[in-house]
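Here the structure is laid out as structure tokens; the discussion comes afterwards.
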Amino acid sequence: MNKVDFNINGRHTIKLKGTVTAVTGINISRKDDNFAGGGFSKDLGRLPRAGAKTQHTPVFIQGASLRGALRRSALSRIRQHIIVALNEDKPFDLATHYMLSQGVDITGKAKGEKSMQVVGAEDELRNENPLLSLFGRWKMAGHMSVDSLHPKFQSEKSPCFYIEGAGARTNDFVRSPELVGVLSAAEQEELKKLLSDDEIASKDTQPLRQLIDELDAQRKQSQDRDEKASLKQEVDEIRQQIKDIDKEQKGGREAIQRPLDGFECIKPNTEFDHQMLIQRANEDEIAITLEMLSEFSRNPVIGGHINLGCGTISMDYEISTFPPLSDKPIILGQVTVNTDGFTLIDYTTDKVLENARANFIKKLADSTFSFDKFLIGKEVI
């Protein structure tokens, strides 16, 4: 790759464009995304849909899931640099932590700020607190946008997700009957009652719901009136069975061997086209972005069910920008993020990207920034 000239002074639009890959299964479950269908109840943890809530609507991962993980990584890296450089064991108080990690003002001061008429007040805050400038807060948009992740390839016949975690929780005394011998006679009697109650509490209605879907599909395709009526009656009887089971279970204790509905997971090796954009980025914000990705590589995980090994991703991006008056962007470098670490290949003539990181770390050691500052102007008392 040919070297490129890039003057990092001033503010620039920086684009990171490339591919994100699911190394393990990825689960993003929001309660509002759940729906019944495909033989599954509404208790199945669903991936977000890019459209109607149906089994075959394309799935995606919202950008906020990745953006939140990156924001926390940026804060973690800056905190570590300050601890090492200034020997401050706890550099941020609770209010500063919430503001930097989530853009949340627990002090309530931002609601009373009076600033919009003050020329240059926002730029002053952004220069003093580049992390907040990058990710923003209420009434001050962050410079960094993170696109949602849409799989490159998915179709009704070849979905890019699978069901993980479905089944039933086991009971140790059922799996290993010899354990009964460690119990007293009274406890053995208690166990018998417990197992009897558990049989009711753990009944699984999932096969019945799946059978209803199959019978409904047959009824829609049938042209025979009598057959339709017969199928409807069968469906109604199964629905009553489900109601009876639900009634038995209602108000009871949690089943030891209860059915686990499971959740949808993006398949490993699924690739996503992806882009992140930093508007009006200065040298410090570019440096934070690189430091953030380096920190994220230590644990590149998004989403839920991490205890089951879900959520690991890898990232490969080209970094580009448009020089003034140019019709085409220039490629400034490449970054790779995975469990093996972070790699930056700097294509600029004077190693501008690498130097930006070094300059930023020096500024942290010199206490150049005010990360506890978050008001644009003066607070109105």
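The values are calculated or read from the model by the stated rules, or taken from the named source; none is laboratory data. A quick note: this is a predicted structure, and the numbers were derived from the prediction, not measured. Cβ sites come from the backbone with ideal geometry, for glycine too, and all protein chains shown count toward neighbours.
Candidates GLY51, GLY38: the one that is at pLDDT 90 or above, on the phi > 0 side of the Ramachandran plot and exposed (fewer than 15 other Cβ atoms within 10 Å of the Cβ) is GLY51.
Among the residues of the range 341-358, are any surrounded by 16 or more Cβ atoms within 10 Å (Cβ to Cβ), in a loop (DSSP other than H, G, I, E, B) and assigned by TED's automatic domain parsing to the domain that holds HIS97? Looking for residues that are surrounded by 16 or more Cβ atoms within 10 Å (Cβ to Cβ), in a loop (DSSP other than H, G, I, E, B) and assigned by TED's automatic domain parsing to the domain that holds HIS97, one finds at least one in the range 341-358, hence yes. Of the candidates SER133, SER76, SER101, SER65, the single residue that is hydroxyl-bearing (Ser, Thr, Tyr) and in contact with a His (Cβ under 9 Å, 6 or more places away or on another chain) is SER133. Within the range 58-72, not a single residue is outside any helix (DSSP H, G or I) and in contact with a helix residue (DSSP H, G or I) (Cβ under 9 Å, 6 or more places away or on another chain). Taken over the range 118-138, residues that are assigned to a loop (DSSP other than H, G, I, E, B) and without any contact (Cβ under 8 Å) to a residue 40 or more places away in the chain amount to 3.
With respect to being over 18 Å from the mean Cα position of the chain (by Cα) and at pLDDT below 95, SER326 fits the description.
Looking at this structure, is THR170 touching a helix residue (DSSP H, G or I) at 6+ places or on another chain (Cβ under 8 Å) and either at pLDDT 70 or above or not aromatic (Phe, Trp, Tyr) (or both)? So THR170 does not fit the description; no. Residues of the range 92-114 that are surrounded by 17 or more Cβ atoms within 10 Å (Cβ to Cβ) and in contact (Cβ under 8 Å) with a residue 60 or more places away in the chain: PHE92, THR96, MET99, LEU100, ASP105, ALA110, GLU113. Only one of the numbered conditions (1) part of a loop (DSSP other than H, G, I, E, B); (2) under 20 Å from ARG46 (Cα atoms); (3) not polar (S, T, N, Q) is violated by TYR162, and that is (1).
Within the range 293-325, the set of residues being without any contact (Cβ under 8 Å) to a residue 12 or more places away in the chain and closer than 17 Å to VAL352 by Cβ comprises PRO324 only. Of all the residues in the range 305-338, those that are in a loop (DSSP other than H, G, I, E, B) and surrounded by fewer than 18 Cβ atoms within 10 Å (Cβ to Cβ) number 9.
Whether any residue in the range 323-331 is closer than 28 Å to ILE26 by Cβ and aliphatic (A, V, I, L, M) is what I want to check. No, the conditions are met nowhere in the range 323-331. Which condition breaks for GLN55 when tested against (1) assigned by TED's automatic domain parsing to the domain that holds GLY341; (2) farther than 30 Å from ASP216 by Cβ? Failing condition for GLN55: (2).
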